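> Submitted below is the structure of interest, expressed as structure tokens.
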């Protein structure tokens, strides 16, 4: 019997006490960290580059994170040349509805908030800029074309006086569509300015005349509220300021806030590449054809893997793009008809219908005209699909003209050797006998006489009887007349 250890009970008590202390310290640290993140921190986002679906998705996820973590403030460090109107409006809608105040801060030095960036500044609860930055040039333009200058089609009458009058008059647009887009943009930015008490007149000039302001001039003209060198200075300057939220006014308490960064992750970087309509369109085409080739040739693996990855990436991009599902359906129908032409030749009916559906669906694919797929890209893909369809049709026509290589039709025109003498009957009956054909012994019938060993040519098949005729100028040979087993008799 082993002696009892007098220290085992004491050691166990000390161990339990140490575990209890560690658990208490960990719980206290976690609670302190959670309390700090919930009440006294600001979430800093960074938008560097064009405004698009990827940046809109990133910004909205940042607002959701700030709300879930209980952040006191969201700071968006902005440096953009502009971007897409649909993405900008999504960001502004999320910003105005956010329960967390948003500060749009144009930084670092040398940054700009041009075009869509100006709208984001006007929509923010607090607009701020770093020194040596500027904003403006908010005139809406189409992708692939600039807004025409005012008075471009008013004629040249009046000389310098007419040109001066055009320069002094506000820009209204030269066509009905330009006027609609311009007036809509003016009303939108004026509504944002009036919501936050900023200079609406200058905002209208930024849209109509594409004017710009430096950071100092923006403060003097009541376009922004603060000029700060960095984020900590910004938080000190806006402490105690009242802002207009969706549920009323609120006083900011930003002094001493801890900063938490939420930088763009791999999702945003990937989405920024594949959310381009042309890239997403090509990924969809590659994905579809890859899967089709894999199904046609099971076991190749490469087309299936590439097609599956491409198709999933395209679907990932389509979830943030304004997709017209009727256009998407027409594209898939057109591709299916083109592939069907290869499987079931219809003399071009399926193929031509597929090309028409494919082109129409590609043009209709995007609901926003600023996100339309490039027409040269659509034409190039359609030409490739047409070339593939034409090659398939020519290939089938060539195969139809080729001599069959299997079955009974392949025997027509084949050379045979007479095994018997073929002697027609007295009343014109066909001569009966046997021939060696493809190494087999066949029953044969001939309208002309032939001798054993003579070369014959098969002209037709009647069941298991070959109809033969002597080859012209083919002398009889000393062929063996012994029957060859193995064929039909």
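The values are calculated or read from the model by the stated rules, or taken from the named source; none is laboratory data. Predicted model, so just to flag it, every value in this text is computed and none were measured. Counting neighbours? That spans all protein chains shown, and the Cβs are built from the backbone with ideal geometry, glycine included.
> Among the listed residues 357, 342, 382, which satisfies the condition of being surrounded by 13 or more Cβ atoms within 10 Å (Cβ to Cβ), in a helix (DSSP H, G or I), in contact with a helix residue (DSSP H, G or I) (Cβ under 7 Å, 6 or more places away or on another chain) and at pLDDT below 85?
Values: 357 fails: at pLDDT below 85; 382 fails: at pLDDT below 85.
Among 357, 342, 382, only 342 is surrounded by 13 or more Cβ atoms within 10 Å (Cβ to Cβ), in a helix (DSSP H, G or I), in contact with a helix residue (DSSP H, G or I) (Cβ under 7 Å, 6 or more places away or on another chain) and at pLDDT below 85.
> Mind listing just one residue for me: the one in the range 86-132 that is in contact with a strand residue (DSSP E or B) (Cβ under 8 Å, 6 or more places away or on another chain) and within 21 Å of residue 366 (Cβ to Cβ) and, of those, surrounded by the fewest Cβ atoms within 10 Å (Cβ to Cβ)?
The selected residue is 88.
Residues checked against (1) part of a loop (DSSP other than H, G, I, E, B); (2) in contact with a helix residue (DSSP H, G or I) (Cβ under 6 Å, 6 or more places away or on another chain); (3) modelled with pLDDT of 90 or more; (4) at positive phi:
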{"site": "22", "(1), (2), (3), (4)": "no, no, no, no"}
{"site": "27", "(1), (2), (3), (4)": "no, no, no, no"}
{"site": "58", "(1), (2), (3), (4)": "no, yes, yes, no"}
{"site": "65", "(1), (2), (3), (4)": "no, no, yes, no"}
{"site": "77", "(1), (2), (3), (4)": "no, no, yes, no"}
{"site": "90", "(1), (2), (3), (4)": "no, yes, yes, no"}
{"site": "95", "(1), (2), (3), (4)": "no, yes, yes, no"}
{"site": "110", "(1), (2), (3), (4)": "yes, no, yes, yes"}
{"site": "119", "(1), (2), (3), (4)": "no, yes, yes, no"}
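Here's the yes/no breakdown for (1) without any contact (Cβ under 8 Å) to a residue 24 or more places away in the chain; (2) more than 38 Å from the chain's Cα centre (by Cα); (3) under 23 Å from residue 140 (Cα atoms):
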| position | (1), (2), (3) |
| --- | --- |
| 192 | no, no, yes |
| 198 | no, yes, yes |
| 207 | no, no, yes |
| 210 | no, no, yes |
| 222 | no, yes, yes |
| 226 | no, yes, no |
| 230 | no, no, no |
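> Does residue 82 qualify as being under 34 Å from the mean Cα position of the chain (by Cα), modelled with pLDDT of 80 or more and on the phi > 0 side of the Ramachandran plot?
yes
> Only one of 320, 292 is over 16 Å from residue 386 (Cα atoms), in contact (Cβ under 8 Å) with a residue 60 or more places away in the chain and buried (at least 17 other Cβ atoms within 10 Å of the Cβ); which?
None of the other options fit; the residue is 320.
> Conditions first: (1) farther than 20 Å from residue 98 by Cβ; (2) touching a strand residue (DSSP E or B) at 6+ places or on another chain (Cβ under 8 Å); (3) crowded, with 16+ Cβ neighbours inside 10 Å. Residue 271 passes all but one, so which condition is the exception?
(2)
> Output the strands (runs of 3 or more DSSP E) that fall wholly within the range 183-259 and possess 3 or more residues being closer than 21 Å to residue 91 by Cβ, or say none. Let's see the steps before the verdict.
On the way: elements: 212-214, 242-245, 248-251.
Fully inside the range 183-259 and qualifying: 242-245.
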